[in-house]
1. What ranking of B:Ser197, A:Ser169 emerges when the number of other C-beta atoms within 10 Å of each C-beta is taken as an exposure proxy, fewest first?
2. For segment A:1-116, state the average projected area of the convex hull of the C-alpha atoms over all orientations, rounded to one decimal in nm².
3. Which FRET efficiency value, to the nearest 0.05, do you get for A:Lys389 and A:Asp275 by plugging their Cβ-Cβ distance into 1/(1 + (r/R0)^6) with R0 = 41 Å?
4. Can you tally the net charge around A:Cys191? Count Lys and Arg as +1, Asp and Glu as -1, for every other residue whose Cβ sits under 11 Å from the Cβ of A:Cys191.
5. Between B:Leu123, B:Leu271, B:Leu157, find the one with the highest GNM mean-square fluctuation for chain B; connect C-alpha pairs within less than 10 Å.
6. Running Debye on chain A with equal point scatterers at the Cα sites and no solvent, what base-10 log of I(q)/I(0) appears at q = 0.07, 0.09 Å⁻¹?
7. Taking each residue of A:103-109 in turn, how many C-beta atoms of other protein chains fall within 10 Å of its C-beta, and what is the average?
8. Mind giving me the FRET efficiency for A:Phe465 and A:Ser231? R0 is 30 Å, r the Cβ-Cβ distance, nearest 0.05 is fine.
Amino acid sequence: MTGVISPRLALTDISKRYPGVVANDGISLKVFPGEIHALLGENGAGKSTLMKIVYGVTKPDAGTILWENRYQNINSPAEARRLGIGMVFQHFSLFETLTVAENIALALDRRIKPVLLAEQIRDVSVRYGLPIDPRRLVHSMSVGERQRVEIVRCLLQTPKLLIMDEPTSVLTPQAVLTLFETLRRLSAEGCSILYISHKLDEIRALCDTATVLRGGRVSGRAIPAKESNQSLARMMIGADLPECRLMENTIGEVRIGIQRLSLRTEDPFGTTLKDINLAVHSGEIVGIAGVSGNGQKELLAALSGETIVAQPQSVLIDGHPAGRLNPAQRRHLGLSFVPEERLGRGAVPPMSLSYNALLTGSRRGMLRSGIVRKAIMRAFARNVIDLFKVKCNQEYSAASSLSGGNLQKYIVGRETLLQPRAIIVAQPTWGVDVGASMLIRQALIDLRNRGVAVLVISEELEELFMISDRIAVLAQGRLSQPVLLSDTSVEQIGQWMSGQFDTIESEREENELVPA
Amino acid sequence: MNSMVAVITSTVFAATPLIYAALGETVTEKAGMLNLGVEGMMLVGAVTGFAVGIKTGSLTLGLIAAAIAGIAMSLIFAVLTLSLQTNQVATGLALTLFGIGFSAFVGHDYAGMPIPSLPDLHLPGLTDLPVIGPLLFNYDVMVYLCIPLIFAVQWFLTRSHAGLKMRAIGESPSVAHSIGYPVLAVRYYAVMFGGASAGLAGAYLSLAQTPMWVEGMTAGKGWIALALVVFGTWKPLRVVLGALLFGGVTVMQLHAQGFGFSIPSEFLSMLPYVATIVVLVLICRNPKTILLNQPASLGRNFHPTA
């Protein structure tokens, strides 16, 4: 081995089976000291399983792990941490009512005096450009700040390998650049980084090498800087990236109107909405960008009717004041709604797909004098399943038995077939694979072309730039002026996402929106 | 002056069992466990303390036995909810019903028997001081033990690493589990601490406040203790303050009855409970205080395998 640098981590032929799926099938990869190694793949390609194996959360069925040239079984996260492996999870593992320092103290394997710990946190956070105050309570922090806490928590253990699981899905484009600087500094100091993502641009900008996974197998290895998005996409999905285009479309009257919507939140972890104004016209898709936790949840609740607002005029559906109507009444006005949580709000998990169709489709002839007409209900469900290519065991499958992407296709299909006049969709493709994402996006575009007003709230900027006619940003409970896609750029929207924008003046909009 | 001293000392006297029971429940709830069996645990503690006190002639042994009985009762709750995953609310209610019946059964032969009351400590020099003496240095041992207990619980919850772990578990057991903390074990300990405290609180009733055993003698004090935990927004010092307030109102209405106001005594006896409800409503009007202090996983079971 003289003269050759040995890898810090070498996985050989790692396999892991779950009942019915092979999550990892003979995966091998090597990470060298100071290398930023991308693990690229779609949802369900086996990235998370592989990382759980490295971090000691799950055990592989077969294969060996070589850590710094020694065979190593990693049996628990604590053991992984002892070896020098740190992991930043996609869904944070922080306690909201505790302070930063308390959260970090809980995860450290050794005991440090609180005063010393606070000092160490400040040291590390200054050194890596991750400013955080150890005394702050986590619930008062933004998502980006929380991620800093997670990273600092890992860095305090001086890791030799840092695993980042989809770290940028919660960050503004500017915050992503800061994160990349931190990661580059770490790698310059010799720390290896395993960077899990499905975002091709980011991987090409940051990573030295990449291992691409598809269906649990390695489908390619590459030096991302030398590849194009298209070539990486071919390795990742086995085909070219599908595209969807917006054709010119005639825009009609206002179907969803929001005027001077202000809403104080009772939830200490919530966001207060401040003077929100927006008009979504028939035949257009308006995208609302922004990092979640900036009022998305509150705005959605106010639009769907889960929260009733004081002024009926604050929410207009198809010209009718709807602020004080409940969700069923708003649906009656022609509003369809696809919530963010599929299981629990979009669908009732243990109920069959056909009963889930009844939940929102009851007014489409499925009821007669309060009695369910099962034949019509089933036919409707079958129709959705066929049109949207939902993979399931007919309409009798329980909603909870479908994969995220399939269930989302079913829910979007159900709402679409209700022939809405306006539709609100939250995070349409969150956790959905590329193929299903494209189908869902195309469904939304078809609705637009048929003259429906479509409002999409999403964290994925890329997606919004793909399907929106106009785009606005929700930050800190305020909504920016919507701009035509041709008049803006990712950089500008990114800047707006941190809250630097002018809102619409309410007076002007009001004249435009009040029905005659 | 003397009547003021009397009011204050009897307030402390009335508040002591509530402080024990409520502090215990505060710790239990901070770990995310909602044990509604406080009333039942208190009754079993009361009858056990009394029986052991009479049989052995030692009130100290009686108190120790009461704490053990309380722990035994709480273990029933812990095994059912933690190991067998039963619903916490239903199990807690069942524990109270069980405690009422069981204590009545065991205590049948002891009803009406006399027992010497827990003696007030006589501190030479101090107890004889005018005003200060009876005000501060003329209580029984349980009142004095209460003070270090209050500060120990406060320190444990806010300053110690073990307390931080426990609060973290009450906040999010799944995250705590993923970091590698023994969620179920910690919850067992927290429930057992609550049981011991409730047992002592019960014994204080039967050995000090009204030194005899009467069926159902807690008269809802276990429920008041539960309410006090919310009243104090899960903060030990505020919980104690709440217990003192409740004790104060209880004593006031007794004195008012003594002065012979022309208000029906039933109405006056109602006052402490009405006061509790009013204060609870006022506190719950501000959802922020509740949301920020209530352990997020309170009353929810946790399956470590899931």
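1. Sorted ascending by nearby Cβ count, the order is A:Ser169, B:Ser197.
2. Computing the convex hull of the Cα atoms and averaging its projections yields 9.9 nm².
3. With a Förster radius of 41 Å, E is 0.45.
4. +2
5. Of the options given, B:Leu123 has the highest mean-square fluctuation.
6. After summing over all Cα pairs, the log10 values are -0.43, -0.71.
7. What the average comes to for A:103-109 is 4.
8. With a Förster radius of 30 Å, E is 0.90.
Readers should treat all values here as calculations from the given coordinates under stated rules, not as data from a laboratory. Since we're looking at a predicted model, the values are computed, not measured. Every residue, glycine among them, receives a Cβ derived from its backbone with ideal geometry; neighbour counts consider all protein chains shown.
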